[in-house]
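Below: the structure, in structure tokens.
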Amino acid sequence: MRITTVSQPADGDFEVLKNGLNGFNEVHTGSLYREKISSFVKDNQNQTLGGILGEIKWGWLYIEGLWVSESVRSKGFGSKLLQQLEDYAQSKGVTNYRLETTSFQALDFYKKQGYVLFGQLPDMPPTFTSYFLKKQTAI
């Protein structure tokens, strides 16, 4: 037996770890629906001008990231992308959503979309604050 040095994980090793952890968790939670999802803003040439990434896991939609290009920002695409993922999650029976943003990103935007602050972490990244928000809706 040995412990390896710190390094980037090989894909196979990462999968073994992830599957082991998921298996352990499911002993306690039961099997829960899980899916990675996304949606994008595309122009007429099929160039990506924005998008949103998320994952449904443990009965929650986690918004991993939302970005809209400066060239089309403030045209409602961010709200539409967020709503699209929320609607999709609702179609799967998921009504709880969460995300993280930082003080130089979009805290006010998410609050306008109905998200509420439930925690913050100062100096993450250094000199900024990370905010944790959630939203719960009824079907």
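The values are calculated or read from the model by the stated rules, or taken from the named source; none is laboratory data. What you are looking at is a predicted structure, and each value in this text was computed from that prediction instead of being measured. Cβ: placed from backbone, ideal geometry, glycine included. Neighbour counts: every protein chain shown.
Assorted remarks:
- Region 28-55: number of residues that are of a type in the set (Val, Ile, Thr) and modelled with pLDDT under 90: 1
- Residue list for region 7-44, restricted to those being outside any helix (DSSP H, G or I) and over 27 Å from ASP87 (Cα atoms): SER7, GLN8, PRO9, ALA10
- First in region 112-139 and over 27 Å from GLN90 (Cβ atoms), second anywhere and of a type outside the set (Phe, Trp, Tyr) and part of a loop (DSSP other than H, G, I, E, B), Cβ under 7 Å, 6 or more apart: PHE128/SER103; THR129/SER103
- Counted as qualifying within region 53-139 are the strands (runs of 3 or more DSSP E) with 2 or more residues that are in contact with a helix residue (DSSP H, G or I) (Cβ under 9 Å, 6 or more places away or on another chain) and crowded, with 16+ Cβ neighbours inside 10 Å, namely 60-68, 96-102, 129-136.
- Yes/no for GLY114 being over 28 Å from ASN22 (Cα atoms), modelled with pLDDT of 95 or more and touching a Lys or Arg at 6+ places or on another chain (Cβ under 7 Å): yes
- Search result, residues across region 1-41 that are over 20 Å from the mean Cα position of the chain (by Cα) and basic (Lys, Arg): ARG2
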